Amino acid sequence: MPLIDVEGISVSFPYTPYSCQNAFIKSVMIALKNKQNAALESPTGTGKTLSLLCSTLAWLQAEKVKLAPEIVRQAAVSGNKGKSNDSNNGGSGDMITFPKIIYASRTHSQLTQVISELNKTAYKHVNTVLLASRDQLCVNEQVKKITSSHAKGMMCRNLVSTRKCNYFTTLETDEDMLSMLYENNGDILDIDNLVKKAKHLKHCPFFKSRKDFTKADLILLPYNYILDPKLRAAQKIDLAGNVIIFDEAHNLENICEESSSINFTSTDISMCLKECKGVMELYLSLEETVRDEMDNTDLAFGEANLEKKFPFEKNDCAQLLLLLQNFENVIDKIDYSVSKTVQDIDGYLFEGSFMIDLLQKAGIEKAAASSISSLVDKMGQFIVKNQFLAREFGLSSSEKLLEFANLVSTIYADSYEKDEATSSMRTCQKVASSLFKLYITKSNKCVEFHYWCFSAGHAMRYIQSRGVHSIIVASGTLSPLHQYINSIGIDFPITLENEHAAKCTQIFSGAIKNTSTGEPLLGTFKNRGNMVYMHELGSIIYNSSKIIPQGILVFFPSYSQMNLLIQSWKEKKLKSGRTIWIELERYKDLYVEPKDKSDVPLIITRFSASIESGKGAILFAVCRGKMSEGIDFKDSQSRGVIIIGIPFPPLREPRVVLKKIYLGDNIKKNSLVLSPDEWYKLEGIRAVNQAIGRVIRHKDDFGAVLLLDQRFGMMDKNQYPSWMRGSIKSYDTSKIFLEKCSQFFSDKEKKNRHLSG
């Protein structure tokens, strides 16, 4: 494999890199050498994942060589101190360790693609682990049949602790041979192949990955394993000194905010009380049974005998029950007169600190958060170990209690401040007031509480404050980049807006401003049901289907708009006497994004088959939906992408309304913060850019992009991905665009015939 020198470090790449890949690798290397953060946009098809892996792993190799002598020296010193029993031995916090690369992506399917790319490189020998939950990795049928992830975890731990899981015990027996048994011709195993291999060996793939984690140099995991404080602690993920990569990071702002937010209802608290009372009753019943058993033996009776049966104290359970009762009383007596009312949404708005006040009034302190989590965990284990008797008390799990423990942990989560002030309630209140809102709605059945975070910086600054080496965010669509960086809340000294490996002549794009009769082509809320507008969209798609060969992807702003338009096309007749839908079917097979995620693979298979048959196909899908990202529509599958309207968030959705209020309040204090209108527009264009990215997937690909809305024609070109800015033009109507588009594909066909001939 070719070796290239980048910033004094030798990088192996599977082939001679394109100029855009060289630029990407150089940006990563500069960031790593200077312990800086980087925000890197590189279009799909430019080898972004390969460039990320090769650059970071080449740097890691060089770091290991540089640090090895010092680590060997400190190990020797530590050994000598141990022998001399030196009580002044320094803490492990001063020890130098090799850094790790922690590579996060949104989904496990995306991480599977990362492994596929890694296996193409010279770095596939690096100790690598892919972390996943029992939902993906468990092979024990007794555990797999349980639907709840929480209950799965409890059952698994019970079977392991009692040595009743053969997969776990066999894994332990074979521990010394694992590297040999899982040798895969030098390739890293993805989730499916790991599960298949482990099942064949009668091993547990979940605990196999946990064993690999301890010695891994490259850790692949979903976002929430890093961003969710509870998961991060449970997985024992240490951020200090390590490189954190967020791939496919275009939605990082929303994911960060979501990871710090929590929702619950008054009914949930009632269910918590029911579970806690059930646990107490189960405890008392078992306690009585144990006492009866002890009365019938000659053994000395004592508390030690009870401790063997019960993993927690009865008084602790009683105390939790009291706290839950207090909390239920507190939320029942909320004074809504002190709340704010907000135009366009029902409900009551409070500062985030009000949520902390509610916990405080119930006697639930920040210091108790970890002990509540620990107690609830023990209660869950207690239910599983006594599951048959537990059913008599209406107990199947401690799911609602776990939700309550997560509620307390989320509200009292540490801030990004590193000093001891983080533990003070004043700091906690300050963070809650500035970054969170509590939104409450009431109905006859229950009260709903939404404790929402409105700053991605809350999660990102915490990660940075843990002493990470660098944070790298990468995606095919981060544009407009400066606005993206402002929304994330931390500094990114190194930035890149990469060109595509494909030439601008390989894409033909246009924004259509008007209908054929000269009326504005406008997908606003008011105009969406306009029959002229809906008919025009159908006509443009119909005419496009005769010009654009093979596969076309049509993206709508929402499911409701997609359904409304498709229904109108099934009813509206053309001059031929046939409906738009029937006319479309004459040229292409038609497929619609399914409601059920499990039906997606079947639709994709049929869509691909229609294209391979020669007829071609159109797939109607939704921006931010199941088809807009994460699926690789290559070559003939996506010769055209058509965007209908702009997928702005629902204007009266409470979280959207409150986000705009939050930004409006903060822009007065900080001019760098996005304005409410800037954020709202950005949310729409990000989703458009992500859908546009489906059209060009590699350097030899080609296709057309058609934007059907007047507002696209008036938009600043810098809002689009850098690789499309030079090619996009505005057209008054679709007629001229379609004529030029026809010529574009005709030229491509001639060129391909010439090359093949």
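Bear in mind that the values in this text are calculations on the coordinates, not laboratory data. What you are looking at is a predicted structure, and each value in this text was computed from that prediction instead of being measured. When we count neighbours, we look across all protein chains shown, and the Cβ atoms used for this are built from the backbone with ideal geometry, even at glycine.
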Problem - Largest-first ellipsoid semi-axes for the range 169-258, taking √(5λ) over the Cα gyration tensor eigenvalues, angstrom - result: 29, 14, 13
Fill in the blank from the handout: Taking the dipole of the chain about the Cα centre (Lys, Arg +1; Asp, Glu -1; charges at Cβ), the one of PHE648, ASN514, ASN254 that reaches farthest to the positive side is ASN514
Problem - R0 of 35 Å, Cβ-Cβ distance GLN743-ARG578: FRET efficiency to nearest 0.05 - result: 0.80
Fill in the blank from the handout: The rounded separation in angstrom of the Cα centers of the range 589-624 and the range 468-487 is 32 Å
Handout entry: Cross-link partners of LYS729 among lysines (Cα-Cα below 23 Å; sequence separation of 8 or more within a chain)
Key = LYS503, LYS513, LYS546, LYS681, LYS699, LYS717, LYS740, LYS748
Exercise for the section: Please give the contour-minus-distance gain from GLU365 to GLU328: 0.36 nm per residue of separation, less the Cα-Cα distance, rounded to one decimal in nm. Expected result: 11.8 nm
Handout entry: Approximate spin-label separation GLU141-ARG210, in nm, with each point projected 7 Å along Cα-to-Cβ
Key = 2.4 nm
Problem - Cα pair count fraction exceeding 44 Å, expressed as % - the chain - result: 35 percent
Completion exercise
At R0 = 35 Å the Cβ-Cβ FRET efficiency linking ASN22 and HIS482, nearest 0.05, sits at 0.90
Exercise for the section: Output the peptides 212-220, 571-579 sorted from most to least packed, where packing is the average of other Cβ atoms within 10 Å over each peptide's residues. Expected result: 212-220, 571-579
Fill in the blank from the handout: Asserting the computed 222 nm helical MRE of the chain (DSSP H runs at least 4 long, -39500 (n - 2.57) per run, divided by residue count, to nearest 500) equals -15500 deg cm²/dmol
Practice task
Any chance you could run the full-extension gain for ALA233 through ASP357? It's 0.36 nm times the residue separation minus the Cα-Cα distance, nm to one decimal.
Solution key: 42.1 nm
Exercise for the section: State the extension gain, in nm to one decimal, for the chain segment bounded by ASN670 and ASN718, taking 0.36 nm per residue of separation less the distance between their alpha-carbons. Expected result: 14.9 nm
Problem - Magnitude of the charge dipole, the chain, Cβ model with Lys/Arg +1 and Asp/Glu -1, debye to 20 - result: 2320 debye
Handout entry: Under 11 Å, Cβ to Cβ, from ASP599 - net charge with Lys/Arg +1 and Asp/Glu -1
Key = +2
Exercise for the section: Calculate the spin-label point distance for LYS615 paired with ASP596, positioning each point 7 Å from the Cα along the beta-carbon direction, and give it in nanometres. Expected result: 2.4 nm
Practice task
Measure of size requested: the Rg and Dmax of the range 261-412, with Cα atoms as the atom set and Å as the unit; please supply both.
Solution key: 18.8, 74
